[in-house]
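Below is one structure, written out as structure tokens; the observations come after it.
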Amino acid sequence: MKRLGLALAVAVVVLFCAGPFLWQVLTSLRPEGDLTSLDFPRSLTLESYRSVLTGRPFARSVLNSFIVASATTVTSLFFGATAAFALAKLELRGRSFFLGMALLASMFPGVAVVSPLYLAVRALGLRDHLLGLVLPYTTFALPMAVWILTGFFRAIPDEIYRAAIIDGCSPFQAFRRIMLPLAAPGLGTTAILLFISSWNEFLYALALTSSARARTVPVAIGLFGGDHKEPWGEIAAASVIAMLPVILVALIFQRWIVSGITTSAEKR
Amino acid sequence: MISVRLTGIQKSFSRGAPVLRDINLEVPAGAFYTLVGPSGCGKSTILNLVAGFERPTAGEILLNGEIVNDRSPKERGAAMVFQSYALYPHLDVYRNIAFPLQVAGVGKGEIDARVREIAARLEIDRFLDRKPRDLSGGQRQRVALGRALVRRTKLCLFDEPLSNLDPSLRELMRGEIKRLHEEGDSTYLYVTHDQVEALTMSDQMVVLESGVVQQVAPPREVYKRPANMFVAGFIGSPRINLVRAGTVRIPEGMIGGREVVVGVRPEDVFVGGGEVPEGGMRGRVYVAEPMGASTWVTLEIAGERVIGHASADFIPRSGAEAWARLALERVLFFDPRTTKRIPR
């Protein structure tokens, strides 16, 4: 009885969270005329997927998004991890000031900085260019990475860092050989968060791109609408396709998180 | 072998009182010195200064006569065993021990030979492929020792390495570490708050309190002739009795009219029941604690408590009448103002 209740509760929560997504999947499979009905569809079709992938440069947008999100994640993770290690374990003057600034920078609303960013990117000649997205994305992703990773590096006992130093490591060797592997769960968590936030970013991408050459998925989907009707079936199909890389990345980095959890616990 | 010298060392952190005030210490090459004192006395700070993790606010640190204040821990080349062991959780036992050699660029074959040799010596060769989390506390402690000793450095620092072990294991490892020191030719600097470790292991004890060295002497000397009332009270268990001269009967000739505090170790106070012997004092039993081989008896004499020992079969009730007699030749006198011991 108790188990049944628990199972029911879990089912409700899952349905509540996954419901909109499942609805979207269903919509993407409906035939054209059936789109706005609330009934379960009588027949399913892959027509929407075909038209998104052949009638539009959508595959290009997915590739763009993937490149931009990956590049942003890798860059921010690299510089973020080195900075976070330094902030957490080295004796630096003004580190709380630096951390405060990082937090502040990651809290700026996008709207507030989009115009100066636009001018800067245009001056660099990077408008409608993938690099012209990676750089602005790094401005919000890097502070976020620093902030989250500092916490993870702090959680590693000082004595472990000191042991590496006394064993003859330079600070960078200690970072690479000891601290980085121990921070793997933090790197995994941060990577997922950075990838998702870059993947979903809309405002900068809208302002800084002007053609399919550099357009990313959220902007591409946003521009699907024509003058007379919204192509709901295609939008649904496109958003389902857009989820897949995110799920893939989450699954990859989740392994890091789990492996990290089992290697920690140095005492007891 | 490496000698260690500290001259005029002071250390204060950004806020708060100085942790070390004018530490002067000379550790000859190859010696085993323990730094002992209550928590907060600055003993771990001294170790961190020698290792190179901290810089002194003033004073000089010399290794083999060379000032090393500006040298990194790596350049100083000391090995260290940490209180938490600080093993690398993602590496197995073999790689933990091999790590300092790998960093130093030692060849694979030599690394393997040295790791296996030290692992066999410490009896952890069966666990080489295990991760630290799969080891017991005692095994982790041995891995930490192995990682320090495999380097064959001439200076080993120990920061309370046994304090996380249970008592029987601690006793065993005390002997092991002492043996390892005798087998090798390294200088050992060993921090502990456990007076038994300091008494049993070291050539010389350095007793510290509030950032000041109270006494440097061999353990037996510290015990028999403590420099002051703090050292007398800190070393020895049960604690030394420190009482007014009026409480216990001291022949007038011994103190010559001065005002003194009398210190007498519990094993130098003999307690018994029945008729009071020559030179004995009458008192009332506060509590008796049978220890198996003998009984510790706390007496109330003239309003002060004095602990002494009695034969194993003397187990009086609290409140009973008893007597105490001092071994006068081993009684210590302290100046109540300076707390220093007055030589006899």
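No lab work stands behind these numbers, since they all come straight from the coordinates. Please read these numbers as outputs of a predicted model, since none were measured by experiment. Neighbour counts are summed over all protein chains in view; Cβ atoms, including those assigned to glycine, are modelled from backbone coordinates with ideal geometry.
Only counting other Cβ atoms within 10 Å, I'd like B:THR298, A:THR36 sorted with the fewest neighbours first.
Working: B:THR298 19, A:THR36 8.
Least to most surrounded, the residues fall as A:THR36, B:THR298.
Return a whole-number percent for the relative contact order of chain A, with Cα pairs under 8 Å and 6 or more residues apart as the contact set.
On the way: 285 pairs, mean separation 82.0, N = 268.
Computed over chain A, the figure is 31 percent.
Taking the Cα-to-Cβ direction at B:ALA245 and at B:LYS340 and moving 7 Å from each Cα, how far apart do the two end points lie in nm?
That separation, rounded to one decimal, is 1.8 nm.
Size of the dipole of the stretch B:4-227 about the Cα centre, Lys and Arg at +1 and Asp and Glu at -1 on the beta carbon, nothing else charged, in debye to 20? Don't skip to the answer; put the middle values down first.
Working: 31 positive and 28 negative charges, 69 e Å.
Here the size comes out at about 340 debye.
Based solely on its DSSP helices, what 222 nm [θ] is calculated for the protein assembly as shown when runs of n ≥ 4 H residues each add -39,500 (n - 2.57) and the sum is averaged over all residues, nearest 500 deg cm²/dmol?
Working: 22 runs with 286 residues, N = 612.
Counting only the DSSP helices, I get -15000 deg cm²/dmol.
What helices does chain B hold that run 15 Å or longer along their axis, going by alpha-carbon atoms, with a Kyte-Doolittle average of -1.0 or more, using DSSP H for the helix calls? Walk me through the numbers before you get to the answer.
On the way: long enough: B:93-103 (16 Å, 0.63); B:108-121 (20 Å, -0.69); B:137-149 (18 Å, -0.48); B:167-183 (24 Å, -1.15).
Qualifying helices, which must be both long enough and hydrophobic enough, are B:93-103, B:108-121, B:137-149.
Rounded to the nearest Å, what's the spacing between the alpha carbon centres of the stretch B:288-344 and the stretch A:166-203? Just the number, please.
62
Once you have the Cα-Cα distance between B:GLN102 and B:ILE315, take 0.36 nm times their residue separation minus that, and quote the gain in nm to one decimal.
Between B:GLN102 and B:ILE315, full extension yields 70.5 nm more.
Summarise the partner chain shielding of B:85-97 as one whole number: the mean count of Cβ atoms from other chains within 10 Å of each residue's Cβ. Display every interim value, and only then the final one.
On the way: counts 5, 13, 5, 10, 13, 12, 4, 0, 0, 0, 0, 2, 0.
That average works out to 5.
Quick one: of B:LYS11/B:LYS224; A:LYS89/B:LYS154; B:LYS43/B:LYS224; B:LYS154/B:LYS340; B:LYS43/B:LYS131, which pairs are farther than 26 Å apart, Cα to Cα? Don't jump to the answer; show the numbers that get you there.
Numbers: B:LYS11/B:LYS224 31 Å; A:LYS89/B:LYS154 28 Å; B:LYS43/B:LYS224 23 Å; B:LYS154/B:LYS340 36 Å; B:LYS43/B:LYS131 31 Å.
Distance filter (> 26 Å) returns B:LYS11/B:LYS224; A:LYS89/B:LYS154; B:LYS154/B:LYS340; B:LYS43/B:LYS131.
I'd like the mean, over residues of B:71-77, of how many other protein chain beta carbons sit within 10 Å of each residue's own Cβ. Spell out each step's value before the answer.
Details: counts 0, 4, 6, 8, 1, 1, 2.
For peptide B:71-77, the averaged partner shielding equals 3.
Within 10 Å of each Cβ of A:172-180, how many other protein chain Cβ atoms are there on average? Could the numbers behind the result be given before it?
Details: counts 0, 2, 1, 0, 0, 6, 6, 0, 1.
That works out to 2 on average.
Hey, what angle do you get for helix A:184-200 against the long axis of chain A, alpha-carbon based, 0 to 90 degrees rounded to 10?
The two axes meet at around 40 degrees.
Round to the nearest 10 and give me the degree value, 0 to 90, for the angle of helix A:131-155's Cα axis relative to the longest principal axis of chain A.
Taking Cα atoms only, the helix is inclined about 50 degrees.
Just want the ordering: B:ARG174, B:ARG126, A:ARG30, from fewest to most Cβ atoms lying within 10 Å of their own Cβ.
On the way: B:ARG174 18, B:ARG126 11, A:ARG30 22.
With the sparsest Cβ surroundings first, the list reads B:ARG126, B:ARG174, A:ARG30.
Which order results if A:THR45, A:THR54, A:THR189 are arranged by neighbouring Cβ count within 10 Å, fewest first?
Going from sparsest to densest Cβ surroundings: A:THR54, A:THR45, A:THR189.
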